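Written below as C-alpha cells is the structure these notes are about.
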Amino acid sequence: MLRWLIGGGREPQGLAEKSPLQTIGEEQTQNPYTELLVLKAHHDIVRFLVQLDDYRFASAGDDGIVVVWNAQTGEKLLELNGHTQKITAIITFPSLESCEEKNQLILTASADRTVIVWDSDTGRQVQRISCFQSTVKCLTVLQRLDVWLSGGNDLCVWNRKLDLLCKTSHLSDTGISALVEIPKNCVVAAVGKELIIFRLVAPTEGSLEWDILEIKHLLDHQDNILSLINVNDLSFVTGSHVGELIIWDALDWTMQAYERNFWDPSPQLDTQQEIKLCQKSNDISILHFTCDEENVFAAVGRGLYVYNLHMKRVIACQKTAHDSSVLHIAKLPNRQLISCSEDGSVRIWELREKQQLAAEPVPTGFFNMWGFGRVNKQASQPVKKQQENATSCSLELIGDLIGHSSSVEMFLYFEDHGLVTCSADHLIILWKNGERESGLRSLRLFQKLEENGDLYLAV
C-alpha cells in the first residue's frame, strides 16, 4: 500500500529558517495514485523512459541495459543487452504510415561510442553502429523525411537502412546537448552556450547526395543551454544554467523575448559575480520545459513557473516546489502539472485561477515579455501594477508521491495505466489509480465467476 508523506514530514533546508516548501497531509483526496508497483531490473541509475505504444514503455540508464515493460501489469517483456557503458540517449523510430509492415525501432546511444538499433517487438539487435569519434548525447527523428540524427561532437544524418547520409565537421568538444526540428527542413542544436541552425538538403534531380549546411549561429546565451523544446510550429524556447529564458521565432530565428531576472542582484555586484553566486546556489538553472497551447511551464532550480503565451507574462509560480532541483515536468489534462526532483519526490499540481496571489506574488521581471533584456526599476513599476491587478493563477499541490529513496530522473504518463517514474535508486515505480484498479479487479472477478458458472450458482 502506498505510504503518504504526512504534512511537515520533510526536513527544513537549513538551520536558521524553515523551508517554505508547500506540504500536503496524509489525506490526499484529489490524488488518484493510491497504489504502486515496484519494478526491479536495473543495477544502476535509471535515467530514461520512452513510451512505445499505448501499453508498453522502455527504460534505460547507467547499467547499459534497455528493458521493455508492460505498463498495465508491470510485467518485464524484454531485456536488451548490447552496450558496455551507460546509455546517454534513447528514442523510438516508428515505421512509416504508408508501410504495411509496422515495425517500430528503438535507438540507443551510449558512452561506449555506439548506437544500437533494436526491434521493439522481438528485442532483436538490428544493427550496431560504432563509427563515432565521440559519445552521442542526443538522438532525434525527422519523421517527415524518414531520417534520424545523432548529435555528439558532430551531427550525423542517417536513413532507416542505417546508411550515413551526411555529417558536419567537428563542431565542439562540448558536443551537442539537445536537438529539435524546426520548419524549412531545419534543426536547431544546442552546443554549450550556442545555438546552431542546420538545414538538411535532400536529394534532387540535380544532386543525388544529402547535405547538411550550417545556416546561422545564435550567440545570445551567456551560459550553457540546458533545455530546448518546441513551443509550437512557429517558436521554440531555450533555458540556460544561469536562468536565461529565450523564446525564438522558428522561421527567421530571431528572439521573440529574453529574460534572465531570476534573482534580485545587489547593486554592488557585477554580472560575473551575480552569475557566480547563482551557480553556487543552482536555484535558477532552467533544467526542463513543457508546454501546451496556452502556456510554457519551466522548471527553474527548485521552482515551477507558468508563462502564458497569450497574456505574455507569468501567471503562476511556486518558487520552492521541491527541496532540490526539479529535473522533469509534464502537463496533464485537467490543468494539472507533474514534477519530479532530486529530492526523490513526485508532486502533482493543479493550475487554478486566483484573483491575486497574496502569499506569493509573481516577481516583477520574471519572463517579462514586454521588452528585451534587463528591465530597469522605473520601467517595471507600471508592469508591477498591471500584474497585481490582473487575474492570476496559483499552482496548488494536490498530490505528493513518496516511494523512491533517491533522485527521480523522469516519468511517463499513461492515460489508462497510470504514472511511471524512474530513479537513481535503480527502481521503476508504476503508480496506479486506486479507484480504477479496484473497479478492474471487481470486473475480472465477475468475469471469472461467470466463466466458471459460479455466478449463477450464487444467485
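The values are calculated or read from the model by the stated rules, or taken from the named source; none is laboratory data. Quick caveat, the model's predicted, so the values are computed rather than measured. Cβ sites come from the backbone with ideal geometry, for glycine too, and all protein chains shown count toward neighbours. For accessibility, only protein heavy atoms count, side chains too; no ligands or nucleic acids. Shrake-Rupley method; radii C 1.70, N 1.55, O 1.52, S 1.80 Å.
The figures follow:
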read-out	value
Close pairs (9 angstrom Cβ cut-off, 6 or more residues apart or separate chains): under 18 Å from residue 439 (Cβ atoms) and part of a loop (DSSP other than H, G, I, E, B) in region 26-45, open to solvent by less than 70 Å² (accessible area, probe 1.4 Å) and among the charged types (D, E, K, R) anywhere	31/400; 32/432
For residue 181: the one exception among (1) open to solvent by 10 Å² or more (accessible area, probe 1.4 Å); (2) modelled with pLDDT under 95	(2)
Checklist (1) at pLDDT 95 or above; (2) touching a Lys or Arg at 6+ places or on another chain (Cβ under 9 Å) applied to residue 425, failing item	(2)
Residue 214 being open to solvent by 60 Å² or more (accessible area, probe 1.4 Å), over 30 Å from residue 325 (Cα atoms), in a strand (DSSP E or B) and touching a residue at least 12 places away in the same chain (Cβ under 8 Å)	yes
Of all residues making up region 332-351, the number that are at pLDDT below 95 and either buried (at least 23 other Cβ atoms within 10 Å of the Cβ) or among the basic types (Lys, Arg) (or both)	1
Hey, residue 132 more than 29 Å from residue 235 (Cα to Cα) and open to solvent by less than 30 Å² (accessible area, probe 1.4 Å) or not	yes
Within region 228-244, tally of residues that are in contact with a Leu (Cβ under 8 Å, 6 or more places away or on another chain), open to solvent by less than 10 Å² (accessible area, probe 1.4 Å) and farther than 13 Å from residue 194 by Cβ	3
Qualifying position, being closer than 29 Å to residue 289 by Cβ, in contact with a Cys (Cβ under 8 Å, 6 or more places away or on another chain) and either modelled with pLDDT of 95 or more or open to solvent by 30 Å² or more (accessible area, probe 1.4 Å) (or both), among 150, 110	150
Residue match in region 352-369 (condition: at pLDDT below 85, assigned to a strand (DSSP E or B) and of a type in the set (D, E, K, R))	yes
